[in-house]
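Worksheet: one structure, shown below.
The values are calculated or read from the model by the stated rules, or taken from the named source; none is laboratory data. Note that the structure is predicted; figures quoted are calculated from it, not measured. Glycine gets a Cβ as well: all are built from the backbone with ideal geometry, and neighbour counts include every protein chain shown. What goes into the accessible areas is simple: the full protein's heavy atoms, side chains included, and nothing from ligands, DNA or RNA. Shrake-Rupley method; radii C 1.70, N 1.55, O 1.52, S 1.80 Å.
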Amino acid sequence: MVSEIRPQVENFKATGKIIGFVPTMGTLHRGHLSLIERARNECDVVIASIFVNPTQFNDTMDFESYPRNIDTDLELLRNAGCDIAFVPEYSEIYPRPDTTPYHFGAIEERFEGAHRPGHFKGVGMVVRRFFEIIKPHKAYFGLKDYQQVMVIKSLVKQFNLNVEIAAAPTKREADGLAMSSRNLLLSPSQRKAASRIYQVLDEVRNRASKTDIGELIVWATNEIDREPELKTEYFEIAHPATLEPIADLKNAQQAIALVAVKTGRVRLIDNLEFFVKR
Ligand code: AMP
């Protein structure tokens with residue numbers, strides 16, 4: 001409860017403790033736990049939230065089918081050394097409608113922003129509210145949601161929030177598939193096919209300096225779509241700092257490939273940032 005967590009945090013702060021915060025939507029996996037571990041190493045008190053935030057879902061079916069495993073999650077958090085699990089009710093996060101305009105410029109116009117209208121506004125809204133309740137010194141986010149990290153950094157700047165943002169690398173399954181709570185929704189054959197996504201990202205990294213960017217994107221899209229159960233929603237290669245399109249990979253030093261793929265009703269995203277080999 002907000003009324004409980006606020007004084008707890010104030011007490012910790014009064015004794016000079018550094019507060020680390022890890023927001024999640026639950027159904028925790030090793031990706032989430034890597035963020036908890038990092039916070040554990042860098043802060044005195046670790047707080048994790050579990051809240052499936054409706055305002056960031058542009059698809060009601062996706063919200064309703066999003067996996068929820070609260071008992072297992074609480075156990076995992078305890079074992080990972082998390083000090084406080086904050087599991088708020090909707091009415092605590094949104095006691096009244098948040099009418100603040102959230103704008104993230106070009107970041108929200110591309111890729112996830114373009115394909116999930118309103119998604120980043122919902123992310124901005126919920127993270128700002130969490131920061132207002134918890135007032136952490138540091139907050140931890142995964143680079144699997146690369147654009148989200150950019151949105152959060154922009155949020156902190158725009159609203160002058162006094163919190164340091166730490167971004168952590170993507171944890172993967174043994175076959176390369178990025179860990180995601182939604183992976184639990186995959187059938188065995190979809191799960192097997194999904195490993196193709198990372199293989200193609202990796203191959204794009206290898207081919208980047210040798211292939212025309214347009215051809216590379218078409219190749220990657222076709223490779224993923226050759227799996228009968230996968231359908232690429234977008235596959236793009238951009239500048240990692242700005243997400244601007246790259247005209248010619250031969251002149252680029254660094255790039256990021258970003259992909260979204262549908263398999264049945266489940267939508268998976270992944271990305272790979274790389275140096276263009278010479
Ligand atoms: P979610 O529960 O999906 O909202 O994720 C909560 C946090 O965990 C976000 O900052 C995600 O970017 C991060 N995260 C999700 N999956 C992974 C992963 N495979 N590796 C590292 N971080 C992740």
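The table that follows gives values for the structure above.
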item: Candidates Lys192, Lys210 - the one that is over 20 Å from the mean Cα position of the chain (by Cα) and modelled with pLDDT under 95; result: Lys210
item: Selection status of Ala257, open to solvent by less than 10 Å² (accessible area, probe 1.4 Å) and either in a loop (DSSP other than H, G, I, E, B) or within 19 Å of Lys192 (Cα to Cα) (or both); result: no
item: Residue check for Phe63: without any contact (Cβ under 8 Å) to a residue 12 or more places away in the chain, open to solvent by less than 70 Å² (accessible area, probe 1.4 Å) and within 16 Å of the ligand (Cβ to nearest atom); result: yes
item: Residue under evaluation Arg205, criteria (1) among the charged types (D, E, K, R); (2) open to solvent by 70 Å² or more (accessible area, probe 1.4 Å); (3) within 25 Å of the chain's Cα centre (by Cα), criterion not met; result: (2)
item: Criterion (at positive phi and out of contact with any Ser or Thr (no Cβ under 7 Å at 6 or more places or on another chain)) met by exactly one of Lys157, Lys153, Lys135; result: Lys135
item: Residue in segment 134-158 that is nearest to Glu236 (Cα to Cα), counting only those that are more than 8 Å from the ligand (Cβ to nearest atom) and among the basic types (Lys, Arg); result: Lys153
item: Search result, residues across segment 10-27 that are in contact with a strand residue (DSSP E or B) (Cβ under 8 Å, 6 or more places away or on another chain), of a type in the set (A, V, I, L, M) and either farther than 10 Å from Pro136 by Cβ or at pLDDT below 95 (or both); result: Met25
item: Top-ranked residue in segment 208-242 [being open to solvent by 20 Å² or more (accessible area, probe 1.4 Å) and small (Gly, Ala, Ser); ranked as farthest from Phe104 (Cα to Cα)]; result: Ser209
item: Of residues in segment 12-45 being among the hydroxyl-bearing types (Ser, Thr, Tyr) and farther than 17 Å from Ala168 by Cβ, the one surrounded by the fewest Cβ atoms within 10 Å (Cβ to Cβ); result: Thr15
item: Looking only at segment 21-60, and only at residues there that are among the small types (Gly, Ala, Ser) and within 16 Å of the chain's Cα centre (by Cα), the one that is nearest to the ligand (Cβ to nearest atom); result: Gly31
item: Filtered residue count, segment 94-109, keeping only those that are farther than 11 Å from Leu155 by Cα and buried (at least 18 other Cβ atoms within 10 Å of the Cβ); result: 2
item: Some residue of segment 83-104 being within 11 Å of the ligand (Cβ to nearest atom) and at negative phi; result: no
item: Positions within segment 159-205 being polar (S, T, N, Q), closer than 30 Å to Lys135 by Cα and within 16 Å of the ligand (Cβ to nearest atom), in sequence order; result: Thr170, Ser180, Ser181
item: Test result for Pro240, assigned to a loop (DSSP other than H, G, I, E, B) and within 22 Å of Gly142 (Cβ to Cβ); result: yes
item: Boolean, Tyr90 is under 16 Å from the mean Cα position of the chain (by Cα) and farther than 21 Å from Val151 by Cα; result: no
item: Residue, farthest from Pro88 (Cα to Cα), within segment 110-123, restricted to residues that are within 14 Å of the ligand (Cβ to nearest atom) and open to solvent by less than 20 Å² (accessible area, probe 1.4 Å); result: Glu112
